[in-house]
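Encoded as structure tokens, the structure appears first; notes follow it.
Rule-based calculations on the coordinates, nothing more; no lab input. No experiment lies behind these values; they were computed from the predicted model shown. Neighbour counts run over all protein chains shown; Cβ positions are idealised from the backbone, glycine included.
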Amino acid sequence: MAMKINQDECTQCGACIDECPNEAIYENDDGDVFIDADKCTECKEQDPPEPQCVPACAFEAIDKG
Ligand code: SF4
Ligand code: SF4
């Protein structure tokens, strides 16, 4: 499973990118921000095991994929 960015809500602010411990969040050439489903672990290995990117997003654009 992986988290997903709702492109209708995302403002492309980039705040979530540095918060991901697995470098799963990236920006494409158009500035659109995505989560690489192959890299996202939903932070299950973190302590606490909560998605680090979700609280980083002020626009509530990140949700379960
Ligand atoms: S849930 Fe964790 S691993 Fe997945 S994108 Fe967010 S910060 Fe990265
Ligand atoms: S923090 Fe939220 S609004 Fe900003 S780039 Fe990430 S998903 Fe988009």
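Which number in (1) within 14 Å of ligand 2 (Cβ to nearest atom); (2) in a loop (DSSP other than H, G, I, E, B); (3) touching a residue at least 12 places away in the same chain (Cβ under 8 Å) marks the one condition that Phe34 misses?
Only one criterion in (1) within 14 Å of ligand 2 (Cβ to nearest atom); (2) in a loop (DSSP other than H, G, I, E, B); (3) touching a residue at least 12 places away in the same chain (Cβ under 8 Å) is unmet by Phe34, namely (2).
For region 40-65, give me the residue count where each residue is more than 7 Å from ligand 1 (Cβ to nearest atom), in a loop (DSSP other than H, G, I, E, B) and of a type in the set (D, E, K, R).
The qualifying residues number 5.
Restricted to region 1-31, and to residues that are touching a helix residue (DSSP H, G or I) at 6+ places or on another chain (Cβ under 9 Å) and outside any loop (DSSP other than H, G, I, E, B), which residue is farthest from ligand 1 (Cβ to nearest atom)?
Per the stated criteria, the residue is Glu27.
Any chance you could count how many residues in region 37-65 are more than 8 Å from ligand 2 (Cβ to nearest atom) and touching a Pro at 6+ places or on another chain (Cβ under 8 Å)?
4
Give region 32-42 a look and list any residue that's out of contact with any helix residue (DSSP H, G or I) (no Cβ under 8 Å at 6 or more places or on another chain) and hydrophobic (A, V, I, L, M, F, W, C), or say none.
Phe34, Ala37, Cys40 - these are the residues of region 32-42 that are out of contact with any helix residue (DSSP H, G or I) (no Cβ under 8 Å at 6 or more places or on another chain) and hydrophobic (A, V, I, L, M, F, W, C).
Can you name the residue in region 9-31 that is touching a residue at least 24 places away in the same chain (Cβ under 8 Å) and closer than 15 Å to Gly65 by Cα and is also nearest to ligand 2 (Cβ to nearest atom) among such residues?
Among residues in region 9-31 that are touching a residue at least 24 places away in the same chain (Cβ under 8 Å) and closer than 15 Å to Gly65 by Cα, the one nearest to ligand 2 (Cβ to nearest atom) is Cys10.
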